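One structure below.
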Amino acid sequence: MKFIIARIIGNELPPRDELDSKIKSLEHILAQDEPIDKLWVLNRIYDHNYLIRIRHILKDQVTYEIPFIRSDYNKCLSYEDKILYSININHARNYAFACGKSVADFVIVLDGDCYFSDEGINNTLQEINDDQKINKQQKHYCIPSVRINNRNGHIKGEGMVAFRNDADQLFNESIIFGNNDKNELIYRLNLKPLKQGFCYHVSYSDDAIETDLHLRLRLRKLSLERLIRSEEHTSELQSQFRISYAVFCL
């Protein structure tokens, strides 16, 4: 069977993410050179300079983009709607699956900062291949992840999902980022983690964030609030520029 890894790259979210931590994670992951095909989905990145950097790093990779369209964002009235638009993570995951299912038997949908070691990918592929020989009705698999931080600490992380290309149960796109968006599908399908397969979830942020769940959740909340303020500030600057330009033209 043919497998493909699909990863999602989104906006940086300080203070949850340190400056350039996503860039460092991306460069680290590209250096791993996993022995199967890969694709990347750039998910509603509103910072143009950051987007240019990501495109340059991935210039030799298969990439797809879900654009951040300012006029669509401006139609969002509530805080929840703005978050759901800005980080439409489950829509991006489903889109990644749609991009990969036409070229592979299985699409492994990973977060943008996840990767496989040689042992992890070999065990994962072998375990899924072996199970498919006896469980042909199984269309989804849960791949356990291990969070590793700057000091190479190891912490159990969320499971990732591999989809067979005929899978009809997908991520719930109405769930806001951070509200068990990925786990909802795993719980709904009662997926048990693979016994031998696994992936790594790398972080270049402060070690305390990776080891303290409560701190991580608190900083995530602050990050989302800051994201909305940043997007709206950018919108105000663009509006002021358009007004100034119009006056200048007069």
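Electrostatic bookkeeping for residue 197 treats Lys and Arg as +1 and Asp and Glu as -1; over the other residues with beta carbon under 11 Å from its beta carbon, the sum is -3. Taking other residues whose beta carbon is less than 13 angstrom from the beta carbon of residue 62, and scoring Lys, Arg as +1 and Asp, Glu as -1, yields +1. Amide H to amide H distances under 5 Å link residue 38 with 5, where only residues 5 or more positions off or on other chains count and H is placed in the peptide plane. Among the chymotrypsin sites (Phe, Trp or Tyr not before Pro) found in the stretch 1-105, not one is both in a DSSP coil and sparsely packed, with 13 or fewer other Cβ atoms within 10 Å of its Cβ. Which one, 88, 108, 28, is farthest towards the positive end of the dipole of the stretch 20-159 when Lys and Arg carry +1 and Asp and Glu -1 on their Cβ? Looking along the dipole axis, the top candidate is 88. For the pair residue 228 and residue 192, a Förster radius of 45 Å applied to the C-beta separation gives a FRET efficiency near 0.75, rounded to the nearest 0.05. Converting phi to 3J(HN,Hα) with the Karplus coefficients 6.51, -1.76 and 1.60 and the offset θ = phi - 60°, the stretch 178-187 yields x, 9, 6, 4, 7, 5, 4, 5, 4, 5 Hz in sequence order, with x at every glycine or proline.
Among the protein heavy atoms of the stretch 91-179, carbon and sulfur supply 45% of the accessible surface, probe 1.4 Å, non-protein parts ignored. Relative to the Cα centre, the charge distribution of the stretch 152-198, modelled as +1 at Lys and Arg Cβ and -1 at Asp and Glu Cβ, gives a dipole magnitude of about 320 debye. Subtracting the Cα-Cα distance of residue 23 and residue 156 from their residue separation scaled by 0.36 nm leaves 45.6 nm. In this structure the stretch 4-154 gives 46 Å² per residue of accessible area when probed at 1.4 Å with all protein chains present.
Calculate, for residue 64 and residue 131, the FRET efficiency according to 1/(1 + (r/R0)^6) with r their C-beta to C-beta distance and R0 22 Å; round to the nearest 0.05. With R0 = 22 Å, the Cβ-Cβ based efficiency is 0.15. In order along the stretch 125-138, phi translates into HN-Hα couplings of 5, 5, 5, 5, 4, 5, 5, 5, 5, 10, 10, 5, 7, 7 Hz, rounded to whole numbers, per the Karplus curve 6.51 cos²θ - 1.76 cosθ + 1.60 with θ = phi - 60° and x for Gly and Pro. Applying the Karplus relation 6.51 cos²θ - 1.76 cosθ + 1.60 with θ = phi - 60° to the stretch 23-30 yields 3J(HN,Hα) values of 4, 4, 4, 4, 5, 5, 5, 4 Hz, where x marks Gly and Pro. Under 12 Å from the Cβ of residue 168, count the other residues' Cβ atoms, weight Lys and Arg +1, Asp and Glu -1, and hand me the total. That works out to +2.
Applying both filters, DSSP loop and at most 15 other Cβ atoms within 10 Å, to the trypsin sites (Lys or Arg not before Pro) of the stretch 85-185 gives 136, 151.
The values are calculated or read from the model by the stated rules, or taken from the named source; none is laboratory data. Remember, predicted model here, so these are calculated numbers, not experimental data. Glycine gets a Cβ as well: all are built from the backbone with ideal geometry, and neighbour counts include every protein chain shown. Keep in mind that these areas ignore ligands, DNA and RNA; they rest on the heavy atoms of the full protein, side chains included. Shrake-Rupley method; radii C 1.70, N 1.55, O 1.52, S 1.80 Å.
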